[in-house]
Amino acid sequence: MEEVVSRNTPRDASSIIVVRRSLSGLPEVFLVKRHKNSGFMGGQYVFPGGKCDVTDSSPEIIDRCLGRAPDEVAQILGIKPVRAMAHFVAAIRETFEEAGVLLVQNDAGELPTAAAVNEARMSLSSRGFLSILLEYGWYLDLSALQYYAHWVTPEVESRRFSARFFLAHVPPEQAASHDQIETTDGRWRTPSDALGEYEQSEIGLPPPQLHSLTEFSRASSVDAVLSLAANAPVRPYVPHFIGGDPPTLVLPGDPLHPEIPGGGLRRFSLEKGQWRMYFEEP
């Protein structure tokens, strides 16, 4: 029997949280601002990423993958190999498109120069991702991605995504920059600085970014941030929307969650136009 997919079924998506060492030694992450007219999270600062495409699991693109076999990525994500490969490929492709960071190497294990990456990015609008890989002799380095988190958009939203988040260190010599099309700003920030800008209403952060940056703010080095990646199936964050004053998103384990209630606060409340995170153990 053919599977019936409802209009509100979450679409697979992937995102990479690109990390580097700041001059002070603290970790920094790269954030991009979604275009204000974007149909999803418009005007918000997010990690580079986007939805998985059919071509992300094609045999041709999988042949250009190194570092991890389909069975291994399936074990890491806890889903079937073809779907798992699509998540890894989409994460690398979307981060290249939105942030100009490309996690690839050639068949000799050599990393691309920054000039070659920038040149390839300039031709993205007229060429496909696969054709660029073939021309430059590049292979996607799946081992550069560390699986970190899984967020599912609440049912109240008309556009929903089942988004997997990965961590990756920015390759040497590469400089991240926003694409000036889907995103209108890009900035490196320490997690604490990003949270400070959010508190001052200088930037907007959706719940997944707010939660991740709060966790990263406790890490004192890039290695400490990367160590937060489980690289194994993780419990997805599936918020349930509760209306009222203030509107609230509750996660499994919160007393108000209708399916998986618990004894500790695990929620986001929309207060004066900003999400406030409340996480307290019972």
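Checking the structure you have, find out if any residue of segment 178-188 is charged (D, E, K, R) and in a loop (DSSP other than H, G, I, E, B). Yes - at least one qualifying residue is present in segment 178-188. Within segment 26-50, the set of residues being among the charged types (D, E, K, R) and surrounded by 18 or more Cβ atoms within 10 Å (Cβ to Cβ) comprises Glu28, Lys33, Arg34. Going by what's in this entry, would Leu249 be described as buried (at least 18 other Cβ atoms within 10 Å of the Cβ), more than 27 Å from Gly100 (Cβ to Cβ), aliphatic (A, V, I, L, M) and touching a strand residue (DSSP E or B) at 6+ places or on another chain (Cβ under 6 Å)? For Leu249, the condition - buried (at least 18 other Cβ atoms within 10 Å of the Cβ), more than 27 Å from Gly100 (Cβ to Cβ), aliphatic (A, V, I, L, M) and touching a strand residue (DSSP E or B) at 6+ places or on another chain (Cβ under 6 Å) - is met.
Residues are listed down the side, and each one gets a yes or a no for (1) surrounded by 15 or more Cβ atoms within 10 Å (Cβ to Cβ); (2) in a helix (DSSP H, G or I); (3) of a type in the set (Ser, Thr, Tyr); (4) without any contact (Cβ under 8 Å) to a residue 60 or more places away in the chain:
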{"residue": "Ala84", "(1), (2), (3), (4)": "yes, yes, no, yes"}
{"residue": "Asp107", "(1), (2), (3), (4)": "no, no, no, yes"}
{"residue": "Glu110", "(1), (2), (3), (4)": "no, no, no, yes"}
{"residue": "Ser125", "(1), (2), (3), (4)": "no, no, yes, yes"}
{"residue": "Leu130", "(1), (2), (3), (4)": "yes, yes, no, no"}
{"residue": "Leu140", "(1), (2), (3), (4)": "yes, no, no, no"}
{"residue": "Trp151", "(1), (2), (3), (4)": "yes, no, no, no"}
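Residues considered: Glu173, Glu135. Of these, the only one that is in a loop (DSSP other than H, G, I, E, B), among the charged types (D, E, K, R) and in the same structural domain as Glu60 (by TED's automatic domain parsing) is Glu173. The residue of segment 156-174 that is nearest to Leu145 (Cα to Cα), among those that are at pLDDT below 95 and of a type in the set (S, T, N, Q), is Gln174.
Residue by residue, here is whether (1) outside any helix (DSSP H, G or I); (2) in contact (Cβ under 8 Å) with a residue 24 or more places away in the chain; (3) farther than 30 Å from Gln75 by Cβ; (4) out of contact with any His (no Cβ under 6 Å at 6 or more places or on another chain) holds:
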residue	(1), (2), (3), (4)
Gln209	no, yes, no, yes
Ser212	no, yes, no, yes
Arg218	yes, no, no, yes
Ala232	yes, yes, no, yes
Gly244	yes, no, yes, yes
Pro255	yes, no, yes, yes
Pro261	yes, no, yes, yes
Leu270	yes, yes, yes, yes
Tyr278	yes, no, yes, yes
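Take the conditions (1) in a helix (DSSP H, G or I); (2) free of Cβ contacts under 8 Å to residues at least 60 places away in the same chain; (3) closer than 24 Å to Gly78 by Cα; Asp223 misses just one of them, which is (3).
The values are calculated or read from the model by the stated rules, or taken from the named source; none is laboratory data. The structure displayed is predicted, hence computed values, not measured ones. Here the Cβ is made from the backbone with ideal geometry for all residues, glycine too, and neighbour counts use every protein chain on show.
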